[in-house]
Every structure is written in C-alpha cells, then in structure tokens.
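First up is the structure itself, then whatever we jot down about it.
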Amino acid sequence: MQIKLLLVCAAAAVALCSCEEAPSSSVASEEKPRPQTTAVQTQPVEIKEYGFPEFVEDKATSDMLSNVISSGFDPAAAESFLDVSPFEDYNCDRCLGGEYYTFFEEDYIGVLDSNGALLVKPDKYTGADMVSKDLIRLSYPEKSGKKPDLLLVNKYTSRIVSDMEAQKTEIVTILTGDRNNNQYALSVRGQSATDAYDSIEKLSSSQVVTNKPFSEIYKAVIGNQCYFLVLDEYRNITVCEAPYALISFKLAGQYGQCYILNNDDHSELLKMIHSFGSETISVKPSKDESLDYIRIESGLNIGEKRTITMSPDGFCLTETGSEAEGINRFFALYPKETFVDLVSWVNEVVSKEYVH
C-alpha cells in the first residue's frame, strides 16, 4: 500500500513539472524568436572619382616665381603723358616717376626735375625712360650704336653712373632692439630696398626653376616663411613666396607637377596628412607601374625634408631625411579615400595660388 502511494505521488510530480515548463517555453518563443542566420555579403568600398587638375596643364604651375607678393617697380605706372606742361619755358610731354619731366628740342630730349631745373640738356639723347625708382635710361640715336647711359636721380642730386654702379647690390645688417638678434635686408645702391629677414642667401640660377628673366635671386627667411627676392638688370626687386613643396602625380594617364607656394596652404597640407589614420606595415607592397600616384616633397627651401608617395590602393611610402644624413623609409596603409582627398585638395586649394 505504501509503495503504491509513492508511485502515485511521483506521477503527479512529473505531471506538475510538465505543466510549469510548457507555458514558460511558449512565452520565450514569443518574446525571443530564434535568430535567422544569413550569409554576410561584404560590399566593396566605392572610391570617389578623381581627375587630372586642369590648372596643372598651365606651364606656370611649374614655375617657382609664380606667387608674386610685391613688385618693386612698374615701368608702365612710372610714365604718364601730359596735356599741359607745368613749365612756361618748356613744352613737356611726359612725367617720369611723378618727379621728372621730358621735353624735346628738335630731335633731342631733355629732362627737368619737379622744380624746373635742367638735369639733361637736349643735345645728344633721343629717348628717356624710367627703368627704376632712381634710374632714368637715356638713349642715343639708333644709328650711333652706343649703349644707353643711366641717370641716377634723387631729390637732391643727379648724375650719370656706370653699369657697375647701377648694378651695385649688397647685404646690410640691421640690429634689432636687443642687439643679439641680427636681421638682414637687401640694399641696392646704398639704400635699403627690402624688409628685414632672419637670413638672406644668394642662390645660383640652377637652384630656381622658372621661365622668367632675372639678374640675381636671393632666398630670404623670416620665421617659418620663405621668399625669393628677384632682381632684374636694373636691380628692381620683386618678392615672390618661395615653394615649400613639390607635388608630382600621374592621374588618369597624365603626368603633372605643381608647387605649393603659400605657407598657410603648406601648413594645412601637413596637418591633413598627419590626421590620416594609418597602420605601419613591414611588407613591401608589390610594384604596379600602371597605378596612379601622388607624390609630395616637402622641405624644398625650409623645414624637414619629407616625401610621401601614395597610390589609390592605400599604400604610402614615406621618406624622411636627406642623402647626406641618411634617408629613413617606411610603408603605411591608409584608407583608400585619402588618395582622392589629396587629389581633391590639390585641385581645390593649390589651384588658387595660380589665379594671378
């Protein structure tokens, strides 16, 4: 009787457990449906389109003297024609530099100062042109075969000078307030002709890539900015911002080059490159000659020498240092979009340096 009672209790317990679990399983299946597993399909990253920057097709983009900051002398602005002569005794037709006046007697030209004093008699020259702020070029009759003379003028005196004296250029030191920090300016014919810089050095013609004529070029540095002081044959000075970097590229089958000629643009580029996230890799990527590329060489005239070469697949070779110091090289892998970002930046930002 006791064994029979135990069997009945056990059966009841099993039934009770079945009744408690069934509702729980039903709720779980309603609240948390079993996840459906599907194969994950990775979509390829779509690289933005890029093209060859049109402004690079202009030859001026490979000219180091393209970014002109200031011109020391403009011959066209230095000459004006007169409707009425300022002096009763002379029939003046032109004013040179706002200070000097030309007139003719028969076939010869004479020159007066602003007070009417005679500087050049009308007896041997047939032409007079202002070629610098303090030089008037006096031309002989064409048949004479003589080279022009140069008249050095200022508010107090005037005299004929030789070519050597007219071309005299020197570097003078300007002491700053604390007398321990020297700065330098370019002096022409004894007069300071430029702003003061931390350093000035003369360059050889082989160091400057340009199609523009010049007599001498100096590199001037102040802070983190660099300029070229360009002198013509009469020692007029044109100030150009010097190149900070050279950008070379092959894009869509075309090759091109341009300089970065603005310090702010160069700083922006360095910050942009520094912001790129990368993973340093030790394996050299396979060389594919058909790939496009963009190469940026910094430190042309100031700053650290660094070259980065990036291709559309994200691989980038960075080289730092110089041949003399030893060059460090390493590869990095960037997101592919950074290549297009660099090309777009050149097209949108650097192109503005060449609008003038």
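What follows draws every value from the coordinates through simple rules; no lab data is involved. Keep in mind that what you see is a predicted model, and the values were worked out from it rather than measured. Neighbour counts are summed over all protein chains in view; Cβ atoms, including those assigned to glycine, are modelled from backbone coordinates with ideal geometry.
Counting pairwise Cα distances across the stretch 288-356, what percent come out greater than 16 angstrom? Summing the P(r) of the stretch 288-356 above 16 Å gives 57 percent of all pairs.
Annotation: aspartates and glutamates with alpha-carbon distance below 16 angstrom to K271 (same-chain offsets under eight excluded): E297, E304, D341. Shown for the stretch 67-125 is the translational diffusion coefficient from the Stokes-Einstein equation, using the Kirkwood radius over Cα pairs, a temperature of 37 °C and a viscosity of 0.692 mPa s: 264 µm²/s. Across q = 0.17 Å⁻¹, the stretch 203-271 modelled as identical point scatterers on its alpha-carbon atoms has Debye log10 I(q)/I(0) values of -0.73, in the order of the q list. Across every pair of non-identical alpha carbons in the stretch 176-234, the mean reciprocal distance, once inverted, gives a Kirkwood radius of 12.7 Å.
In whole Hz and in residue order, list the ³J(HN,Hα) couplings for the stretch 153-168 that follow from phi through the Karplus curve 6.51 cos²θ - 1.76 cosθ + 1.60, θ = phi - 60°; x for Gly and Pro. For the stretch 153-168, the Karplus curve yields 10, 8, 5, 10, 9, 8, 7, 6, 10, 7, 4, 4, 6, 5, 8, 5 Hz. Taking a threshold of 24 Å on the Cα-Cα distance, which of the pairs K147/K168; K133/K168; K212/K305; K155/K219 fall above it? Check vs 24 Å cut-off fails for K212/K305; K155/K219.
Rounded to a whole number, what is D in µm²/s for the stretch 214-356 from Stokes-Einstein with the Kirkwood radius over alpha-carbon pairs (37 °C, 0.692 mPa s)? List each step's numbers first, then the result.
Values: Rh = 16.7 Å.
After rounding, the answer is 197 µm²/s.
Just to confirm the filter: which chymotrypsin sites (Phe, Trp or Tyr not before Pro) across the stretch 70-102 are DSSP coil and have at most 14 other Cβ within 10 angstrom of their Cβ?
Hits after loop and neighbour filter: F87.
With a simple spin-label model that places each label point 7 Å from the Cα along the Cα-to-Cβ direction, the separation between R159 and K305 comes to 4.8 nm.
The simple spin-label model puts a point 7 Å past each Cα toward its Cβ; for S70 and S144 those points are separated by 3.7 nm. According to the calculation over all Cα-Cα pairs in the stretch 72-218, the P(r) per 5 Å bin from zero is 2, 8, 15, 16, 17, 12, 11, 8, 6, 3, 1, 0, 0 %.
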